[in-house]
Amino acid sequence: MTRDAPAVGRNWAGNLAYSARRLVEPASLAELTDLVRRAPRLRVLGSRHCFNDIADTDGVLVSLRALAGEGFLLDGRRVVRLPAGARYGDVAPSLHAAGVAFRNLASLPHISIGGAVQTGTHGSGDAARSLAGHIAAIEMIAPDGTPRRLARGEHDFAGAVVALGALGIVTHLEVEVEPTFDVAQRVFDGGAWDLILGDLDAVTSAASSVSLFTTWRDPDAIDQIWTKSRAGDRGLDPAAVGARPADGPRHPIPGADPAPATEQGGVAGPWFERLPHFRLAFTPSAGAELQSEYLVDRTDAVAAIEAIRALADRVSPLLQICEVRTVAADDLWLSGAYGRDTVGIHFTWVPDEPAVRALLPHIEAALPESARPHWGKLFTLDAGALRERYPRWRDFWELRDRLDPERRFENAYLRRLAV
């Protein structure tokens, strides 16, 4: 039966205390449907890995943890149907055992599938779409309590996949998979920005996934390059970019204990043990941190990196690590990669939210106007700026008005963004 959690608590980073009156965990889809029909305002809480109030509400928070059972392959198709409340790291081993794999994973396997997709979360790779870009169909409980399934190609689908939780409660997702594969991860120390930016395409295409890490303490150098290679990848020539092979395991944050990081050293292993940066059994990243990310048009990538480089003396005192990686284009209305190949510039900050929020407007003003924020991280761009950066912005809010005319899934976050 439906269980009321005794306290709602805080998000994973601890910078946000949820304001909801109740946190409810339905034990069945029938109980979830009944809750949707009765509660005047509600939002879904995933794995609490968002750094802003996107999941908060003054109504009821809903956890789908009790519904996060096993998924199953759909007959005759390379698609797996999965519960939205499941975490990627929990379902990946069973998929591998069945001979299939997700095409990509984010750096953290700790995040829920529904939360990652609804916020446009991504992994890395020139040919790798965001996690939402591999969704074949989405199932949800609409605001009136009726079940609805939208498949790729159907009306409203492209607006409903990355939807910020505004259209209903996503219960299941049908995700494209492929035959399981191995990945070898290698880490290189050092690197010169001038050499890298001279031919950024050559660097990011060297492996299936390439991440550039820098603290910006030296604006001319980066700290590490991480590559994740499948069979047939060309491989990175470290000397060409002023780097050298690491002499042991590394954490993305220089000097941090590398134990939480996935295996490196070029040892091939299953995709789910190499594509994330961190192991599921460990606290990911720094733990005590804040995050922001901006996704720019691939054609603006060098200009965007140079803009942050020019702010290095202001960025570095608040920074734990900055990661640059690539994402392939998709057609999802609120995706950071909508309509263009994309480069993400990600910031892991020290946990000083007032100082970070004071810095963000300067970063946002310096970046090219193609920069789009990650929906689950800290940003200060307002609705007017966002409207100019998403060609289907008005279409999305018209879809929201049509599907949720009573604003039952609205919260303060959505009110700040709505046109």
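The values are calculated or read from the model by the stated rules, or taken from the named source; none is laboratory data. Keep in mind that what you see is a predicted model, and the values were worked out from it rather than measured. Quick reminder, even Gly has a Cβ in these numbers, built from the backbone with ideal geometry, and neighbours come from all protein chains shown.
Which is touching an Asp or Glu at 6+ places or on another chain (Cβ under 7 Å) and of a type in the set (A, V, I, L, M), of ALA101, ALA68, ALA106, ALA128? Matching residue, one of ALA101, ALA68, ALA106, ALA128: ALA101. Limited to the stretch 284-327, what total is found for residues that are touching a helix residue (DSSP H, G or I) at 6+ places or on another chain (Cβ under 8 Å), under 23 Å from ASP53 (Cα atoms) and not in a helix (DSSP H, G or I)? Summing the residues that are touching a helix residue (DSSP H, G or I) at 6+ places or on another chain (Cβ under 8 Å), under 23 Å from ASP53 (Cα atoms) and not in a helix (DSSP H, G or I) in the stretch 284-327 gives 4. For ARG217, state whether it is touching a helix residue (DSSP H, G or I) at 6+ places or on another chain (Cβ under 8 Å), surrounded by fewer than 23 Cβ atoms within 10 Å (Cβ to Cβ) and assigned to a strand (DSSP E or B). It is false that ARG217 is touching a helix residue (DSSP H, G or I) at 6+ places or on another chain (Cβ under 8 Å), surrounded by fewer than 23 Cβ atoms within 10 Å (Cβ to Cβ) and assigned to a strand (DSSP E or B).
Residues PHE213, PHE181, PHE188: which one is touching an Asp or Glu at 6+ places or on another chain (Cβ under 8 Å), of a type in the set (Phe, Trp, Tyr) and over 30 Å from ARG394 (Cα atoms)?
Numbers: PHE181 fails: touching an Asp or Glu at 6+ places or on another chain (Cβ under 8 Å); PHE188 fails: touching an Asp or Glu at 6+ places or on another chain (Cβ under 8 Å).
Unique residue meeting the criteria: PHE213.
Annotation: ALA281 fulfils all but one of (1) surrounded by 16 or more Cβ atoms within 10 Å (Cβ to Cβ); (2) modelled with pLDDT under 95; (3) more than 16 Å from the chain's Cα centre (by Cα); the unmet one is (1). If you go through the stretch 220-235, how many residues are out of contact with any helix residue (DSSP H, G or I) (no Cβ under 9 Å at 6 or more places or on another chain) and among the aliphatic types (A, V, I, L, M)? Count: 1. Check whether at least one residue in the stretch 197-207 is under 23 Å from the mean Cα position of the chain (by Cα), more than 23 Å from SER316 (Cα to Cα) and among the charged types (D, E, K, R), and report yes or no. Yes, the stretch 197-207 has at least one match. Within the stretch 140-165, being acidic (Asp, Glu) and modelled with pLDDT of 95 or more holds for GLU154, ASP156. Taking the stretch 30-86 as the range and being within 17 Å of PRO109 (Cα to Cα) and among the small types (Gly, Ala, Ser) as the test, the residues that pass are GLY46, SER47, ALA68, GLY69, GLY71, ALA84, GLY85, ALA86. The criterion of at least 2 residues that are of a type in the set (Val, Ile, Thr) is met by the following strands (runs of 3 or more DSSP E) wholly inside the stretch 96-194: 135-141, 169-179, 182-190. For the stretch 165-201, residues that are over 28 Å from PHE213 (Cα atoms), touching a helix residue (DSSP H, G or I) at 6+ places or on another chain (Cβ under 8 Å) and of a type outside the set (S, T, N, Q) total 10. Condition first: small (Gly, Ala, Ser) and in contact (Cβ under 8 Å) with a residue 60 or more places away in the chain. Now tell me which residues in the stretch 277-301 satisfy that. If the condition is that a residue be small (Gly, Ala, Ser) and in contact (Cβ under 8 Å) with a residue 60 or more places away in the chain, then SER285, ALA286, ALA288, SER292, ALA301 are the ones that fit.
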